[in-house]
Amino acid sequence: MFGAFERMVAARYLRARKGERFVSVIAIFSLVGIALGVATLIIVMSVMNGFRQELLGRILGVNGHLGIYGAVNAPITGFDAMAKRIDAVPGVTFTMPVAEGQVLLTTDRGGALGGLVRGVREADLRKMTAVSNNIRMGTLDGFKGDDAVAIGLGLAQRFGIGVGDKLTLVSPQGSATAFGTVPRIKAYTVRAVFQVGFNEADTSFVYLPLEAAQIFFRLPDAVSQIEVFTTNPDRVPEVSARIRELLRGERVRVIDWTQSNNSFFAAVEVERNVMFLILTLIILVAAFNIVSSLIMMVKDKTRDIAVLRTVGASSGAIMRIFLMCGAFVGVAGTLAGTLLGVVFCLNIETIRGWLESLTGTNLFNPEVYFLSRLPAVLQWHEVMQVVGMALALSLLATLYPSWRAARTDPVEALRNE
């Protein structure tokens, strides 16, 4: 496609001589602009993918992929038989009856904090690998009876307690007496401390044995919900439809994660698309710099173009020469940006730690972003899409200046000289 003569001339034009430095500087700025645009776009898209994947994994790791709730917040009775029927549905891995309620958490060391108590069986808690595989203190062996509790690491640090210490639960739904409603209060012994990496769970979730939670929340032989875990969270609507068909006629509601967290993940997706559009403009601006630098190069090389035409170079050869000049800037910038973006994503936590130590500021607060670390997930098909878009914009930017150079009239050019 490109001959040796055209490559030689294009390489010569890319090496600026004295008096041509300004054109060369513009080309360098164009290359740097494309590289930074491509790198930023890859990094931001990877971080947004990481946010979605981490949040989805951690939220569903402690909440289940879908839940079965009683009508009008009524408790579910006969839950074991119902759970056994649901277990037989294709796509379901396991079901978990849960007795859940809001409480006030206190300790004898002072302080109070709102929390969410979730009563589950020990076997079910062990199946929740997000919790059972992340026990930091104690074990789940003592998670039984009416005096055991498992709490998150963030909650333990806030109260300054550990395994063997007491945690007091205060329920707002108290007992009616002649002197009014008296809140239900009971102290439990901490048997295990977990850290799932989801800040909300680590700082507010409290797990009780199911029987103890049923007694505390006054749910005899009943649970507040049945949580269902599936083989593939992205295909949960299909499983949800099968369960609704199975439970037709029952006074229950089936709500999957796409419904309960729809607004949250929709906001993440919208933000991701907007960031893609905004950062694409950086590459577009850099592409316009290629246009301006090539036009200036064509203007500067008008006499050279005329000489080449008079010695036999065709207009197509002239066009290919300037196409190669512009393409070099676009390709080099795209490759440099891709390398920079990929390396940054693969070492993002190390870079974050280095920047925090350098600036003395907290660049990623887990309490704000609900995650314990800055995630980045490279999806190579997206990287290739960014590379393809950058190359396409860069090559399109070279067409007009190259066409203009090819249309240069050698007679008029030499006459004007």
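Results, tabulated for the structure shown:
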{"read-out": "Relative contact order of the range 64-158, defined on C-alpha pairs under 8 angstrom at six or more residues apart (%)", "value": "14 percent"}
{"read-out": "Between helix 315-346 and the chain: long-axis angle, C-alpha atoms, 0 to 90°, nearest 10", "value": "30 degrees"}
{"read-out": "5 angstrom amide H check on residue 230, placed H, neighbours 5+ away", "value": "65, 93"}
{"read-out": "In nm, spacing of pseudo-spin labels at residue 135 and residue 211 (7 Å Cα→C-beta vector)", "value": "1.9 nm"}
{"read-out": "Amide proton proximity set for residue 194, modelled H, under 5 Å, gap of 5+", "value": "136, 151, 152, 153"}
{"read-out": "HN-Hα J in Hz across the range 221-234 - Karplus 6.51, -1.76, 1.60, θ = phi - 60°, x for Gly and Pro", "value": "6, 8, 10, 7, 6, 10, 9, 10, 10, 10, 6, 9, x, 6"}
{"read-out": "Cα-Cα over 24 Å, subset of 84/166; 144/186; 127/186; 127/166", "value": "84/166; 127/186; 127/166"}
{"read-out": "From phi via Karplus (6.51, -1.76, 1.60), per-residue ³J(HN,Hα) for the range 154-165 in Hz, x at Gly/Pro", "value": "x, 5, 4, 5, 5, 8, x, 10, x, 4, x, 7"}
{"read-out": "Degrees, to the nearest 10: 380-406 long Cα axis against longest axis of the chain", "value": "20 degrees"}
{"read-out": "The chain - mean residue ellipticity at 222 nm from DSSP helices (-39,500 (n - 2.57) per run, n ≥ 4, rounded to 500)", "value": "-18500 deg cm²/dmol"}
{"read-out": "Partner aspartates and glutamates for residue 299 [C-alpha distance under 14 Å; skip if fewer than 8 residues away on the same chain]", "value": "20, 409, 412, 417"}
{"read-out": "Extension gain (nm, one decimal) between residue 187 and residue 295, 0.36 nm per residue minus Cα-Cα", "value": "31.0 nm"}
{"read-out": "Pair residue 258, residue 356: separation of 7 Å Cα→Cβ label points (nm)", "value": "3.6 nm"}
{"read-out": "Net length gained if the chain between residue 396 and residue 270 were fully extended (0.36 nm per residue, minus Cα distance)", "value": "42.5 nm"}
{"read-out": "Karplus (6.51, -1.76, 1.60) ³J(HN,Hα), θ = phi - 60°, over the range 63-74, in Hz, Gly and Pro reported as x", "value": "10, x, 7, 7, x, 10, 10, x, 5, 6, 6, 6"}
{"read-out": "Cα-based helix-to-principal-axis angle, 236-246 vs the chain, degrees rounded to 10", "value": "30 degrees"}
{"read-out": "Percentage relative contact order, the range 117-275, counting C-alpha pairs under 8 Å, at least six apart", "value": "27 percent"}
{"read-out": "Extension gain, residue 77 back to residue 29 (0.36 nm per residue minus Cα-Cα distance, nm)", "value": "10.3 nm"}
{"read-out": "Average Cα contact separation per residue, the chain, under 8 Å, 6 or more apart, as relative contact order %", "value": "28 percent"}
{"read-out": "The range 379-406 versus the range 231-264: alpha-carbon centroid distance in Å", "value": "44 Å"}
{"read-out": "Amide H contacts of residue 100 (H built 1.01 Å from N, under 5 Å, at least 5 apart or other chain)", "value": "119, 224, 225"}
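Each value in this text was obtained by applying a stated rule to the coordinates, not by laboratory testing. Small disclaimer: the values here were computed from a predicted structure and weren't measured. We place every Cβ from the backbone using ideal geometry, glycine too, and count neighbours over all the protein chains shown.
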